[in-house]
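The values are calculated or read from the model by the stated rules, or taken from the named source; none is laboratory data. All values derive from a computational prediction rather than experimental measurement. Here the Cβ positions follow ideal geometry from the backbone for every residue, glycine too, while neighbour counts run over all protein chains shown. We work out accessible area using only protein heavy atoms, side chains counted, and drop any ligands, DNA or RNA first. Shrake-Rupley method; radii C 1.70, N 1.55, O 1.52, S 1.80 Å.
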Amino acid sequence: MDGDKTVTATFTRNIYTLQVNTVGNGTVTRTPDQTSFYHGETVDLSALADAGWTFAGWSGALTGSVNPETLTMNGDRTVTATFTQDQYTLTVNVVGGGTVGRSPNQATYVYGDEVILSASASPGWTFDSWSGDAMGTTTPATITMDGDKTVTATFTQEQ
């Protein structure tokens, strides 16, 4: 040292980025709605599934399926929200003599699938009506899948 010196230290807060990805059909909201955060700030993430989909869980900087979830920013972070497509069943019951065909004929269906039900009476029987999640007397009938469905086809014996 050869004399008095002045030293100034300048400090800045670390800023981190948050990248949010989705797998499947849904969205993620963040509060506050921003992509950069100071060290130690928190962000609330909420996963919202589209119709016919279910939030399955987080991966990356978050794990598990708690929704909404809070993330503390202490580095650059990537979070992925995974959504799975709902599977629905169609149960068809028959009362009397006849059969019901379905097109497509599958074990499960997804949201928005349309299934055509065709009633065919056995000899000596007449198709009467649909009940349950299909109503009326017209065959074929179309069912739009937006949940598990049960349909009954009733046939009456000819006199």
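If r is the Cβ-Cβ distance from His39 to Ser65 and R0 is 30 Å, what FRET efficiency results, to the nearest 0.05?
My answer for the efficiency is 0.65.
Can you find, among Asn14, Gly57, Gly132, the residue sitting farthest towards the positive end of the charge dipole of the chain, where Lys and Arg contribute +1 and Asp and Glu -1 at Cβ?
Farthest towards the positive pole: Asn14.
Given Cα pairs under 8 Å that are at least 6 residues apart, what percent is the relative contact order of the chain? Provide the component values of the computation, followed by the final result.
Values: 361 pairs, mean separation 30.9, N = 159.
Reported relative contact order: 19 percent.
Only four residue types carry charge here, +1 at the Cβ of Lys and Arg and -1 at the Cβ of Asp and Glu. Report the dipole size of the chain about the Cα centre in Debye, rounded to the nearest 20.
That gives a dipole near 180 debye.
Using only Cα positions of the stretch 1-74, each an equal point scatterer, no hydration layer, compute I(q)/I(0) via Debye at q = 0.11, 0.28 Å⁻¹ and quote the log10 values to two decimals.
Treating every Cα as an identical point scatterer, log10 I(q)/I(0) equals -0.39, -1.38.
Equivalent-ellipsoid semi-axes (√(5λ), Cα gyration tensor) for the stretch 1-132, whole Å, largest first?
After scaling each eigenvalue by five and taking roots: 62, 10, 9 Å.
Want the number for Asn93 to Glu158: 0.36 nm per residue separation, take away the alpha-carbon distance, what's left?
Stretched out fully, the Asn93 to Glu158 stretch lengthens by 21.4 nm.
Solvent-accessible area per residue for the chain at a 1.4 Å probe radius, Å²? Before the final figure, lay out the partial values.
Numbers: 9580 Å² over 159 residues.
Ligands and nucleic acids excluded, the result is 60 Å² per residue.
Specify the residue with the greatest mean-square fluctuation among Val28, Val43, Val94, computed from a Gaussian network of the chain linking alpha-carbon atoms under 10 Å apart.
Greatest mean-square fluctuation among the candidates belongs to Val94.
What part of the accessible area of the stretch 4-159, given as a whole %, is carbon or sulfur when the probe is 1.4 angstrom? Let's see the in-between values first.
Values: 4280 of 9220 Å².
Carbon and sulfur: 46 percent of the exposed surface of the stretch 4-159.
Of the candidates Thr54, Thr82, Thr70, which one comes out as most mobile in a Gaussian network treatment of the chain with C-alpha springs shorter than 10 Å?
Maximum fluctuation in the GNM of the chain, among the listed residues, is at Thr70.
What list of ³J(HN,Hα) values in whole Hz, one per residue of the stretch 7-23 in order, does the Karplus curve 6.51 cos²θ - 1.76 cosθ + 1.60 (θ = phi - 60°) give from phi, with Gly and Pro shown as x?
My calculation for the stretch 7-23 gives 10, 10, 9, 10, 10, 10, 7, 5, 10, 10, 9, 10, 10, 10, 10, 10, 10 Hz in order.
Of Met135, Met73, Met145, which has the largest mean-square fluctuation in a 10 Å C-alpha GNM of the chain?
Met135
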